[in-house]
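Input: a single structure, listed below in structure tokens.
The values are calculated or read from the model by the stated rules, or taken from the named source; none is laboratory data. Since we're looking at a predicted model, the values are computed, not measured. Cβ coordinates were reconstructed from backbone atoms using ideal geometry, including for glycine residues, and neighbour counts include every protein chain displayed. These accessible areas exclude ligands, DNA and RNA; they are computed on the full protein's heavy atoms, side chains included. Shrake-Rupley method; radii C 1.70, N 1.55, O 1.52, S 1.80 Å.
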Amino acid sequence: MTSQTANQPRQAPVATPYLEVSDLRVTFPTPDGAVTAVRGLNYSLPLGRTLAIVGESGSGKSVSSMAVMGLHDPKSTRISGSIKVGGQEIVGMSPAALRKHRGTGAAMIFQDPQSSLHPYFTIGNQIVESYRAHHAVSKRAARERAAEMLNRVGIPNPRRRLDSYPHEFSGGMRQRAMIAMALVNDPKLLIADEPTTALDVTVQAQILDLIQDLQRDFGSAVVFITHDLGVVAQVADDVLVMYAGNAVEHGTVRQVLGAPLHPYAWGLLESLPAVSGEPAPLHPIPGSPPSLLAVPGGCPFHPRCEFRDRVPGAMCTTVAPDLVARTADPAHTSRCHLPAPDRVFASEILPRLP
Amino acid sequence: MLLYILKRVLSAISVVFVALVASFALFFLAPTDPAGVICGNRCTPERVADIRSSLGLDEPPAEQITGYIKGIFAGRDFTNGGTVQHCDAPCLGYSYSLGQPVTKLLAQAVPVTISVVIGAAVVYLFLGALLGTMAAQRRGSPSDKLLMGSAITINSIPYFVFALLVALYVTVLPHPQYTSFLSNPIAWAGGLVAAWLTLGVTNTASYTRYARASMIESLGQDFVRTARSKGISERRVVYRHGLRAALTPLATIFGIDLAGQLTGALFTESIFGLPGLGVLTLRAFNQYDLPVLMGCVLLGAVVLVVMNLVVDIVYTFLDPRVRLG
């Protein structure tokens, strides 16, 4: 069972999108059957804007971003649909062109800088390698550029720190170095895959600030993968909520965090503990994400949804909802049959939130 | 670092000392009288007494061992049937059946063994890492299965059978014999090539398996994904980033294997007729040549201890996170 979404009326983007993902589908053949981790994803992102992709593990947020980077092994992955980065089609690109795309067209920073940097090479060595992969310059010039980048991401004594190994850096410094490495080739798209999850809370804020600051400087588009709604509120312009390999809600950060339309997004908000005030009982989403080998028919979220009885007929179990506007606001879309979700949110969910 | 090495050397010396005392006890205090064995069937009591005194067996065990240790540092004299043989330091005893000091016998055998073992190591380290990497990259494919199947098959054949088959049937290789590298490098390599290939190929099978396992782990690491995301070539990702990290565990196995081969490349040496340490030990064992056996055991202990130290030091170069102390 799949849900196709070719027709989705959406507000025309303010600028030509730099990243355009349409009907993206990523399938991994496994001995147990084909696992479709991303099933018909659509979104676009102009330069200068930050899109947060939110969802549980296995919702396809990382898999879809790896596809944008062209990082999936073509031998063990089937990708269909279209990914356009700066007008260039990534799906079906030749390996050589894809290699050029990685680093210059799009760059990625990962969750755990400790394991994502090579433990046996110095920081300078790793940044120089990135730069020289795309620029025919001398080692000395590349080192100069690497020092400049380290300085830009706020690492003191950059020239000396080039010769340090990753284990000699603190967690925050390592992530800064990772960012320097990602941006050394001046890519116009930066994908940050939970870049602050492995860091201390105080360091998290610094890294988020840095990424935003650099985005303003470089004028790049940023895709931020996270499950931390606090991070979303701080960095995102737009939010895409993913569930079982597809977008279930899309809108601006005000729309999605302020007045979400999808019961799954409500569940995410209700799972957040309050920092201040009375300790109230949390409202976790019941059940667990579906196995991608056997995604439930109809709306994939229906087994966990407490509102499915409000939908007339057996729509939730039989008809896959489209990602369309459900309220007067055409730019805020959701994939749910529930009538008048904005009123349900205001009257039933909002009072329960801490 | 220096302090660490000093500490390790001290502990190494104590290990070697324990090995010395233990092997001394095993050989010299065993219920069999070595003099009787050396003397053979038609033996007179006078002859036995003579042998006993020449080996120093008539002295108390404590004096025997101090005499032996003193000989290592200062050299000693042996009297055999009235003639006095001087043995220079480091003296590890005197072989009566060969009429030569043990040190000299070892000095002749060690270069042979080292030549065999190092040459083979070059073969299996290079081929093992290369084939293992290729198999890891193509994990699960027919070529991977074929490679792993052959590796396991080669490993399942007893080594001496394999070596015998090579010696008997692979006759295109130059006749195996040992020539000193210094006197004629070409003859040296030619005479050893059969031994290198035999020892090398069997170990390539093992090292391919080790390298494959290590590479599969390494290629699944986050830093390999990072390397790929930088847009460098796949070859660079695999060999520079993946293999570099996979080599560290291989170094540990290699150190231990090398120590084992240096002391016991027995089959290789005897089948190809190369007069190395293994052959020397075997001959000493058959003829109950106790001083030579002792010398071989002692040398083996030293090699093992030194190799362990070398592996630990090499580790600090392989992995910058490791600091000795």
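A few notes on this one:
- Between B:10, B:181, B:301, the Cα set farthest toward the positive side of the dipole of the protein assembly as shown (charges on each charged residue's Cβ, about the Cα centre) is that of B:181.
- Area of residue A:315 that stays accessible when all protein chains are in place (1.4 Å probe, Å², to 10): 70 Å²
- Inter-label distance, nm, simple model (7 Å from Cα along the C-beta direction), residue A:23/residue B:62: 9.5 nm
- Within the shell of other residues whose beta carbon sits under 12 angstrom from the beta carbon of residue A:272, the net charge comes to -1, with Lys and Arg scored +1 and Asp and Glu -1.
- Amide N proximity, the range B:186-222 versus residue A:77 label position 7 Å along Cα-to-Cβ, cut-off under 20 Å: B:216-222
- The residue A:309 and residue A:167 beta-carbon pair, evaluated with R₀ = 51 Å, returns a calculated FRET efficiency of approximately 0.40.
- Unit charges on C-beta of K, R, D, E only; dipole of the protein assembly as shown, Debye: 1500 debye
- Only Lys, Arg (+1) and Asp, Glu (-1) charged, at Cβ; the range B:103-318 dipole about Cα centre in debye: 800 debye
- Seen against the Cα atoms of chain B and their longest principal axis, helix B:244-264 is set at about 20 degrees.
- Residue list for the range A:214-230, given a label point 7 angstrom along the Cα-to-Cβ vector of residue A:205 and an amide N cut-off under 15 Å: A:230
- Summed residue charge, Cβ within 15 Å of residue B:147's Cβ, Lys/Arg positive, Asp/Glu negative: +4
- Principal-axis tilt of helix B:159-169 within chain B, Cα atoms, nearest 10 degrees: 90 degrees
- Between the range B:232-310 and the range B:35-71, the alpha-carbon center distance in angstrom: 33 Å
- Rounded if a/c under 1.5, otherwise prolate or oblate - chain A, Cα gyration tensor axes: prolate
- Those residues of the range B:305-324 for which accessible area with every protein chain present is at least 50 Å² below the isolated value (1.4 Å probe): B:320, B:321
- Only one residue of B:191, B:152, B:137 has its Cα farthest out toward the positive end of the dipole of the range B:57-204, where Lys and Arg carry +1 and Asp and Glu -1 on Cβ, and that residue is B:137.
- Cβ-Cβ distance of residue B:189 and residue B:157, R₀ of 25 Å, FRET efficiency by 1/(1 + (r/R0)^6): the value works out to about 0.45.
- Converting phi to 3J(HN,Hα) with the Karplus coefficients 6.51, -1.76 and 1.60 and the offset θ = phi - 60°, the range A:43-49 yields 6, 9, 8, x, 4, x, 10 Hz in sequence order, with x at every glycine or proline.
- Measuring between alpha carbons in the structure, the pairs from A:84/B:230; A:61/B:145; B:7/B:104; A:61/A:84 lying more than 25 angstrom apart are A:61/B:145; B:7/B:104.
- Each Lys and Arg Cβ is given +1 and each Asp and Glu Cβ -1; about its Cα centre, chain A then shows a dipole of about 1020 debye.
- Heavy-atom surface of the protein assembly as shown, accessible at 1.4 Å and reported per residue (Å²): 46 Å²
- Value in Å of the Kirkwood radius, where the protein assembly as shown supplies the Cα pairs that are averaged: 30.7 Å
- Compared with the dominant Cα axis of chain A, that is its longest principal axis, helix A:95-104 is turned about 80°.
- Choice from B:52, B:212, B:240 showing the highest fluctuation, given a GNM over chain B with Cα pairs closer than 10 Å: B:240
- Under 20 Å from residue A:75, Cα to Cα: aspartates and glutamates that are on another chain or at least 8 residues apart: A:32, A:89, B:144, B:217, B:222, B:234
- Accessible-area rank, largest first, for A:334, B:233: B:233, A:334, with all protein chains present and a 1.4 angstrom probe.
- Residue A:96-residue B:141 FRET efficiency (beta carbon distance; Förster radius 22 Å; 0.05 resolution): 0.45
- Shape of the range A:255-350, Cα gyration tensor, a/c cut at 1.5: oblate
- Isolated Cys residues of the protein assembly as shown, judged by Cβ distance under 4.7 Å to other cysteines: A:299, A:305, A:316, A:336, B:296
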